[in-house]
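Here is the structure we will look at.
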There are 2 protein chains.
Amino acid sequence: MGDFERPGDVLLADCPARTTLDLVADTWSVVVVYALGRGPRRFSDLGTLIGGISKKMLSQTLRKLERNGLIQRRTIPARPPGVEYRLTPLGESLLEPIGMLSRWAETHADDVVEAQDQLVGV
Amino acid sequence: MGDFERPGDVLLADCPARTTLDLVADTWSVVVVYALGRGPRRFSDLGTLIGGISKKMLSQTLRKLERNGLIQRRTIPARPPGVEYRLTPLGESLLEPIGMLSRWAETHADDVVEAQDQLVGV
DNA sequence: CAGTATCCTATCGGATACTG
DNA sequence: CAGTATCCGATAGGATACTG
């Protein structure tokens, strides 16, 4: 190998960096973390806030992120009883990267649509 | 609606922003764009550069990104004949967001592993 | 070299129904 | 409210073989 690669690079298969990228590089993970960036939320509130997500995927995504230390689940002893999810410091550290990615998607969505049309024809 | 949401937000289902996020929020898309950030590359070179990717997924990912205007495919009339992929300006605009995401994965991979171990037990 | 085609398995993801 | 369980079709993704 040369000095071209750094160990732990996302280009390397099976390294922790790649595995970690795998963990967050999917739409639901990005959107859930993005939504929790607004502050702690209940399960049902997240379901409302995030358009198009099913209870199943919301639950799965929350548990995956929890297993990997990005979010924390807490039972609220209030009335009515409920559950609250919040970002951990690790999860918060992800807010800036996915914020940039989300902003890119919002900003360049029209460019993508235009490129698609270009290829289909006038 | 309140002033809480912006139209085109990734939180909204089926809007162009969400669709565009969907397009790039997966591991192979991120890694392929990341790899092409080093400059134009041939198909086989990308396969070597990107660890663990199969020809099938590389091909599929390249075509998807091409269809959506992020990369451009060009046939090289050189010897030996080949094909070269490069980022379009739109693709280049994605380099900073995914660069941040990749750097996050590299930096926080150990935190994730630690969090996993914590939950499994000592 | 640069792919496509096929096969097969695993996961994604929605819908629905049920539980505490 | 906050989920889990089950069913089902669609897609992801690897392996292998084949093509121009």
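What residue, of B:THR19, B:THR48, B:THR27, is within 15 Å of DNA strand D (Cβ to nearest atom), touching an Asp or Glu at 6+ places or on another chain (Cβ under 6 Å) and within 11 Å of chain A (Cβ to nearest Cβ)? Before you say what the answer is, go through the steps one by one.
Details: B:THR19 fails: touching an Asp or Glu at 6+ places or on another chain (Cβ under 6 Å); B:THR48 fails: touching an Asp or Glu at 6+ places or on another chain (Cβ under 6 Å).
Within the list B:THR19, B:THR48, B:THR27, the selection yields B:THR27.
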Residue list for the range B:77-91, filter: more than 9 Å from chain A (Cβ to nearest Cβ), in contact (Cβ under 8 Å) with a residue 12 or more places away in the chain and either among the aliphatic types (A, V, I, L, M) or in a helix (DSSP H, G or I) (or both)
B:VAL83, B:LEU87, B:GLY91
Any residue at all in the range B:50-59 that's within 19 Å of A:LEU21 (Cα to Cα), more than 12 Å from the chain's Cα centre (by Cα), crowded, with 19+ Cβ neighbours inside 10 Å and among the aliphatic types (A, V, I, L, M)?
yes
Would a scan of the range A:23-30 turn up a residue that is more than 14 Å from DNA strand C (Cβ to nearest atom), touching a residue at least 24 places away in the same chain (Cβ under 8 Å) and out of contact with any Leu (no Cβ under 7 Å at 6 or more places or on another chain)?
no
Kindly indicate whether B:ALA105 is touching a Lys or Arg at 6+ places or on another chain (Cβ under 8 Å) and at pLDDT 95 or above.
yes
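Just checking, does the range B:74-86 include any residue being within 18 Å of A:ALA115 (Cβ to Cβ) and surrounded by 15 or more Cβ atoms within 10 Å (Cβ to Cβ)?
From the range B:74-86, those within 18 Å of A:ALA115 (Cβ to Cβ) are B:74, B:85-86; that's our starting set.
Of the ones still in play, those that are also surrounded by 15 or more Cβ atoms within 10 Å (Cβ to Cβ) are B:85.
Yes, the range B:74-86 contains a residue that is within 18 Å of A:ALA115 (Cβ to Cβ) and surrounded by 15 or more Cβ atoms within 10 Å (Cβ to Cβ).
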Of (1) basic (Lys, Arg); (2) assigned to a helix (DSSP H, G or I); (3) surrounded by fewer than 15 Cβ atoms within 10 Å (Cβ to Cβ), A:LYS64 satisfies all except one. Which?
(3)
Filter the range A:99-121 for residues that are under 17 Å from B:GLU92 (Cα atoms), more than 7 Å from chain B (Cβ to nearest Cβ) and either within 15 Å of the chain's Cα centre (by Cα) or crowded, with 18+ Cβ neighbours inside 10 Å (or both) and give the result.
A:ARG103
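The values are calculated or read from the model by the stated rules, or taken from the named source; none is laboratory data. Every value quoted in this text rests on a predicted model; they were computed, and no experiment measured them. Quick reminder, even Gly has a Cβ in these numbers, built from the backbone with ideal geometry, and neighbours come from all protein chains shown.
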